[in-house]
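Everything on this sheet refers to the single structure shown next.
The values are calculated or read from the model by the stated rules, or taken from the named source; none is laboratory data. Small disclaimer: the values here were computed from a predicted structure and weren't measured. All Cβ positions, glycine included, derive from the backbone under ideal geometry; neighbour counts span all protein chains shown. With ligands, DNA and RNA removed, areas are computed over all heavy atoms of the protein, side chains included. Shrake-Rupley method; radii C 1.70, N 1.55, O 1.52, S 1.80 Å.
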Amino acid sequence: MKTLIKTLVLSLCIINFTSCNANEKKDTALVLAKTERHNPNKQFIKVALLLDTSNSMDGLIDQAKAQLWDIVNELSYAKCGEDKPKLQIALYEYGNDNLNGDEGFIRQVLAFSNDLDEISKQLFSLTTNGGNEYCGHVIQTSLNQLKWGENEDDLKLIFIAGNEPFSQGKISYQDAAKQAHKNGVSVNTIFCGDYNQGIATYWKDGADLSHGDYMAINHNHATTYVATPYDDKILKLNQKLNGTYVAYGRIGEKKMALQAEQDSNAESYSEANAVSRTVSKSSHLYQNSNWDLVDAEKRKDFKFENLKKEDLPQELKDKSITEIKLYVKNKRQEREVIQLEIQQLNEKRRLYIKSKNSEDKNGLENAMIKAIKTQAKEKKYTW
């Protein structure tokens, strides 16, 4: 009996220690109940981005496109204990007259996804038109449609941006915000305009009700970039990095083309933005196991023996399993060297940018990162 009790106590100590958000003061029964819903070492940062795409929001959409990679990069530095949480982003548009009025002029552009190329593609597909902006409706829709999960150590965040009164529409923003809080989701509101006007039109109240942050930004302010001495080297490494991808399966070639397309989209804003995307591609958040053999090999369920000849790229079609494994191994080693070099150059780049005091304090990126870091502390996430 004593041995059994000792074993139980030891197990509880281990559970309590490994949980990212463990609370030493909670009693044994509560710890046991909670850990069934926790999934240590598999934490997620889940971000639902709700963007107003009415006529006046071209600047907001532009900032989202231009600053995506800097936001991803900042999130890549997050840690939960010694582990790095995974990232999922969902995207909604609302307030666009091209959308279905019966559904509140809301569209789910993308459910939670870790496919950064697809997220970029969908952001670049957004256009503005018209608008009736129903904030309560789009918040409630995202809560009901998305798979938020039950892991209490996950960081679950909604960011809603717009510039019309938060109270518009048939669905109460108060009820939607309270539902979010009950579900462990923080609603962060970003008013595109004057700070006090946002307060007067209930944007701050919407955030307060779900323990989120209220922010105001100048959505028409163009994103500023700082060129650094390391940019050209990083962009050259991006070309080498692309050469380490081994497309396979039905979607392999299309996904590789999408990768190149999003490189081009990032570069359309500036060379510095293309550099930021390259840095994202060198991080643990950029995973493409559904079409790249180098990433796929890391999956527990992946077996080279299950590959069909028609799934392979031309250069591997006539190779044996042993030869394919060696080819992929060499590509993986090459990629790891390139990614490490990009990360090292980026550390120098970050210090250079910091020395120029170039932080844009009134943009979408800064607003989101500030809110994420503030709320992440409560879950014991660190940077």
**Study point:** So residue 25, is it at pLDDT 50 or above and surrounded by fewer than 21 Cβ atoms within 10 Å (Cβ to Cβ)
**Key:** no
Check your understanding: Here is a list of conditions, (1) under 20 Å from residue 117 (Cα atoms); (2) under 23 Å from the mean Cα position of the chain (by Cα), and residue 253 meets all of them except one; can you say which number that is?
Key -> (2)
Review point. For the stretch 223-237, what are the residues that are in a helix (DSSP H, G or I), open to solvent by 70 Å² or more (accessible area, probe 1.4 Å) and not acidic (Asp, Glu)?
Key: 233, 236
Revision key, fill the gap. In the stretch 305-347, residues that are over 30 Å from residue 70 (Cβ atoms) and either free of Cβ contacts under 8 Å to residues at least 60 places away in the same chain or in a helix (DSSP H, G or I) (or both) total 24
Practice item. Mind telling me which of the residues 319, 356, 309 ends up being modelled with pLDDT under 90, basic (Lys, Arg) and open to solvent by 90 Å² or more (accessible area, probe 1.4 Å)? Key: 356
Review point. Which of the following residues is modelled with pLDDT of 95 or more, out of contact with any Phe, Trp or Tyr (no Cβ under 8 Å at 6 or more places or on another chain) and more than 21 Å from residue 179 (Cβ to Cβ): 115, 58, 83?
Key: 115
Exercise for review: Of all residues in the stretch 76-121, count the ones that are part of a strand (DSSP E or B) and either surrounded by 16 or more Cβ atoms within 10 Å (Cβ to Cβ) or in contact with a strand residue (DSSP E or B) (Cβ under 9 Å, 6 or more places away or on another chain) (or both).
Suggested key: 19
Review point. Hey, residue 160 hits all of (1) within 18 Å of residue 56 (Cβ to Cβ); (2) part of a helix (DSSP H, G or I) but one; which does it fall short on?
Key: (2)
Study note, to complete from the structure: Taking the stretch 123-151 and keeping only residues that are open to solvent by less than 50 Å² (accessible area, probe 1.4 Å), polar (S, T, N, Q) and farther than 17 Å from residue 95 by Cβ, one is left with 151
Exercise for review: Answer yes or no as to whether residue 324 is farther than 20 Å from residue 77 by Cβ, surrounded by 12 or more Cβ atoms within 10 Å (Cβ to Cβ) and at pLDDT 95 or above.
Suggested key: yes
Practice item. Output the residues belonging to the stretch 242-278 that are of a type in the set (A, V, I, L, M), buried (at least 21 other Cβ atoms within 10 Å of the Cβ) and over 19 Å from residue 123 (Cα atoms). Key: 246
Practice item. Spot the failing condition for residue 154; the list is (1) under 19 Å from the mean Cα position of the chain (by Cα); (2) open to solvent by less than 20 Å² (accessible area, probe 1.4 Å); (3) under 26 Å from residue 278 (Cα atoms), and only one is missed. Key: (3)
Practice item. Go through the stretch 109-145 residue by residue and tally those that are closer than 23 Å to residue 191 by Cβ and of a type outside the set (Asp, Glu). Key: 19
**Study point:** Selection status of residue 350, more than 30 Å from residue 191 (Cβ to Cβ) and of a type outside the set (Gly, Ala, Ser)
**Key:** no
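Among 288, 220, which is polar (S, T, N, Q) and surrounded by fewer than 20 Cβ atoms within 10 Å (Cβ to Cβ)? Break it down into steps so the answer makes sense when it comes.
On the way: 288 fails: surrounded by fewer than 20 Cβ atoms within 10 Å (Cβ to Cβ).
When all the criteria are applied, what remains is 220.
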**Study point:** residue 295 open to solvent by less than 90 Å² (accessible area, probe 1.4 Å) and acidic (Asp, Glu)
**Key:** yes
Exercise for review: Determine whether residue 237 is within 19 Å of residue 70 (Cα to Cα) and in contact with a strand residue (DSSP E or B) (Cβ under 7 Å, 6 or more places away or on another chain).
Suggested key: no
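Residues checked against (1) assigned to a strand (DSSP E or B); (2) of a type outside the set (Lys, Arg); (3) at pLDDT below 95; (4) in contact with a Gly (Cβ under 6 Å, 6 or more places away or on another chain):
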position: 174; (1), (2), (3), (4): no, yes, no, no
position: 177; (1), (2), (3), (4): no, yes, no, yes
position: 188; (1), (2), (3), (4): yes, yes, no, yes
position: 198; (1), (2), (3), (4): no, yes, no, no
position: 206; (1), (2), (3), (4): no, yes, no, no
position: 211; (1), (2), (3), (4): no, yes, yes, no
Exercise for review: Could you tell me whether any residue of the stretch 55-75 is outside any helix (DSSP H, G or I) and either open to solvent by 10 Å² or more (accessible area, probe 1.4 Å) or not basic (Lys, Arg) (or both)?
Suggested key: no
